[in-house]
1. For region 221-262, name all the residues that are farther than 21 Å from Ser82 by Cβ and surrounded by 16 or more Cβ atoms within 10 Å (Cβ to Cβ).
2. Within region 189-219, which residues are within 15 Å of Gly14 (Cα to Cα) and not in a loop (DSSP other than H, G, I, E, B)?
3. I want to confirm something. Restricting to region 92-115 and keeping residues that are under 16 Å from Val126 (Cβ atoms) and without any contact (Cβ under 8 Å) to a residue 60 or more places away in the chain, which single residue is surrounded by the most Cβ atoms within 10 Å (Cβ to Cβ)?
4. Among the candidates Leu59, Leu71, which residue alone is in contact with a helix residue (DSSP H, G or I) (Cβ under 8 Å, 6 or more places away or on another chain) and buried (at least 21 other Cβ atoms within 10 Å of the Cβ)?
5. Considering only residues that are surrounded by 14 or more Cβ atoms within 10 Å (Cβ to Cβ) and over 23 Å from Leu259 (Cβ atoms), look in region 175-196 and name the one that is nearest to the chain's Cα centre (by Cα).
Amino acid sequence: MKVVTLLNEKGGVGKTTLAHAIACGLAIRGHRVLAVDGDPQANLTMGFGQSPSPAFYDLIVREAPFNETLLYIDAENYKVPSEDVKGFVYLIPSNKETRTISQNTDNVLAVRQRLTELEDEIDVVVFDTSPTPSLLHASIYLATDYLLFPVELEYYSFAGLGSSIGHRNGFSRQKKSLGLGDIEVMGIIPNKYRPNTLEHQENLEKLQAQFKGLVWQVLPQRIIWSEAAARKRSVFNYAPDSAATEDAWQIVKNVERVLQRV
């Protein structure tokens with residue numbers, strides 16, 4: 001089992017949208033996926049068509065069993081029409097109680113320890129996270145194998161990326177000191193790219209120069225993403241032949257490629 005976390009200490013960069021697409025795409029391609037909503041806003045939960053609930057809080061703080069906190073996601077809402085899904089997605093929902101997890105447990109390894117219970121049942125865990133750094137982030141970092149950083153090609157998003165990578169470096173050292181391995185940067189995804197904007201062109205060049213080999217292909221700004229989200233469906237289901245879906249498949253395949261290196 002590998003844990004992939006979407007993170008950027010800046011809101012609105014597309015973490016939830018990409019976490020949803022990656023979880024759905026991996027399931028379509030045959031992986032056993034667990035999506036975890038680590039954001040008290042519960043946007044990933046609602047994106048899967050579910051109501052916010054304290055499931056993540058219950059799992060970590062109240063030590064509830066997984067059979068009381070996991071929700072099975074019906075493939076009809078995310079699969080490619082007229083095709084069978086080879087894997088599956090389970091969801092651990094979130095609600096406002098998520099923000100108090102770190103205040104109610106002193107075990108920074110709690111998230112990691114609970115996830116290890118699913119080692120033989122799940123192939124990939126996909127975490128969505130809040131933009132606000134917290135002690136909960138620390139617990140998620142220490143459970144994480146790979147970080148994916150969505151970023152807009154604008155100043156404030158770059159600042160969030162810089163802070164996030166700085167925190168990753170610190171927690172990676174801590175994780176290795178505990179004998180738990182590294183936290184690798186899987187990639188940086190330039191999102192909502194507007195190619196006719198000089199600022200975006202220049203910032204993309206800066207990003208590629210600073211993080212050589214880690215910057216994935218750009219995701220152009222496309223309305224299909226928000227249309228699919230409004231309907232609580234994946235882009236693969238809502239518009240299987242669209243350019244946005246082609247972009248999404250490339251992201252999913254990139255994730256697979258990194259995971260298969262192990």
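1. Across region 221-262, the qualifying residues are Gln221, Arg222, Trp225, Ala229, Asp247, Ile251, Asn254, Val255, Glu256, Val258, Leu259.
2. Filtering region 189-219 down to residues within 15 Å of Gly14 (Cα to Cα) leaves 189-194, 216-219.
Correct list: Ile189, Pro190, Asn191, Lys192, Tyr193, Leu219.
3. Among those that are under 16 Å from Val126 (Cβ atoms) and without any contact (Cβ under 8 Å) to a residue 60 or more places away in the chain, it is Ser94.
4. Working: Leu71 fails: buried (at least 21 other Cβ atoms within 10 Å of the Cβ).
Matching residue, one of Leu59, Leu71: Leu59.
5. Residues of region 175-196 surrounded by 14 or more Cβ atoms within 10 Å (Cβ to Cβ): 175, 180, 183-194.
Filter again for over 23 Å from Leu259 (Cβ atoms), leaving 192-194.
Numbers: Lys192: 17, Tyr193: 19, Arg194: 23 Å.
Per the criteria, the residue is Lys192.
To keep it simple, each residue is scored yes or no on (1) farther than 22 Å from Ile28 by Cβ; (2) aliphatic (A, V, I, L, M).
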position: Gln201; (1), (2): yes, no
position: Ala209; (1), (2): yes, yes
position: Lys212; (1), (2): yes, no
position: Gln221; (1), (2): yes, no
position: Trp225; (1), (2): no, no
position: Arg233; (1), (2): no, no
position: Glu246; (1), (2): no, no
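Quick note: the coordinates plus some simple rules give every number you see, no bench work behind them. Not measured: the values here are computed from a predicted model. Positions of Cβ are generated from backbone atoms using ideal geometry, with glycine treated the same way; all protein chains shown enter the neighbour counts.
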